[in-house]
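The values are calculated or read from the model by the stated rules, or taken from the named source; none is laboratory data. Computed from a predicted structure; not experimentally measured. Cβ placement follows ideal geometry from the backbone for every residue including glycine, while neighbour counts extend to all protein chains displayed.
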Amino acid sequence: MEGDRRDAAGARERKYRDYGGSIHYRQRVAKILTEGGRAVGIGLEDGSEERADIVISNADGRKTIMDMLGGEFTDEHIGDWCSEPDDETNWAVHVFLGVDRDLSGEPSALVQLLDEPVTIAGHTADSIEMQMFGFDRTMSPEGKGTIKVELFSRYSYWKELYQDRARYDEEKEKVSTAVIDILEKTHFPGIKRQVEVVDVPTLMTWEHFVGGTHGFMSAPSKEPSPTGMLFGGRLNSTLPGLDDFYLVRTWATAAGALFLNAKSGRTVVREICKRDGRKFTTR
């Protein structure tokens, strides 16, 4: 479909394939193969192996270092980074709404102050933050719109519920109902009858599909350095005692910005070209 051809992930997939790359879906990596202090490939959950000259991990750092590599290639600092993250209150649950409503005249982001505090997902809030995608026609059909509401909660709150899927699903429904009620009473009167699609991902959703620790709140506990990345700072992309292996994304940049994490892959490839005496060029 036209929308699928224009989406960001699809565009990157097509570019990668254009460069000669191949992608294997639904094949979870269980381990990174090493021999003599070198990364030599990956082992998949089905027991098969894929050999490689270089391994680059875009996965969660803790899972990569402690599980896929067995905790073998670490030092004191990396050990600290890989410790269990704190159970802090953060953006633990989102509510996505597909609505029969034109949002093209709405701002892209909005913080809605509440007359009375509300308790949602175990957290009491006096405001909610949302994003409206009326500016992006790939997000919904003509005349309709997509809203994302971000809510604070704790990982442990959803982890406990996740043990009982009926309770977990029930709580997600309660969250979405509460959010729709708030939108109806504040910025979007009449929206309750316009809601056509509801999706409520939590940190458990991220953990299940992306394989991170504590969902997407899985950055290493080190100080971010956006200026270092912007002006040529080197990545924390390698591990002690392991050659031909690189980390990219959040665990290389310690930053949440999408463009910085995308740049980390480019920087690693540039480093590999420099190491191999090749000129780094792009089409």
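Quick notes
- Lone qualifier among T213, T282 - being in contact with a Lys or Arg (Cβ under 9 Å, 6 or more places away or on another chain), at pLDDT below 90, assigned to a loop (DSSP other than H, G, I, E, B) and more than 28 Å from W158 (Cβ to Cβ): T282
- G20 being on the phi > 0 side of the Ramachandran plot and modelled with pLDDT of 95 or more: no
- Candidate set from region 134-154 (those that are more than 25 Å from E207 (Cα to Cα) and surrounded by fewer than 19 Cβ atoms within 10 Å (Cβ to Cβ)); member that is modelled with the highest pLDDT: K144
- Considering only residues in region 229-268 that are surrounded by fewer than 16 Cβ atoms within 10 Å (Cβ to Cβ) and in a helix (DSSP H, G or I), the one that is modelled with the highest pLDDT turns out to be R266.
- Subset tally (residues that are crowded, with 19+ Cβ neighbours inside 10 Å and either farther than 15 Å from I182 by Cβ or among the hydroxyl-bearing types (S, T, Y) (or both)) for region 99-132: 3
- Single condition D136 does not satisfy, out of (1) part of a helix (DSSP H, G or I); (2) of a type in the set (D, E, K, R); (3) not assigned by TED's automatic domain parsing to the domain that holds E271: (1)
- In the set (1) within 16 Å of T238 (Cβ to Cβ); (2) surrounded by 13 or more Cβ atoms within 10 Å (Cβ to Cβ), the condition left unmet by P85 is number (1).
- Identity of the residue in region 37-96, modelled with pLDDT under 90 and part of a strand (DSSP E or B), that ends up farthest from the chain's Cα centre (by Cα): T89
- The residues in region 39-54 that are in contact with an Asp or Glu (Cβ under 6 Å, 6 or more places away or on another chain) and over 18 Å from C273 (Cα atoms) can be counted, and the count is 3.
- Scanning region 172-204 for residues that are in contact with a His (Cβ under 9 Å, 6 or more places away or on another chain) and either in a helix (DSSP H, G or I) or exposed (fewer than 15 other Cβ atoms within 10 Å of the Cβ) (or both) returns D199, L203.
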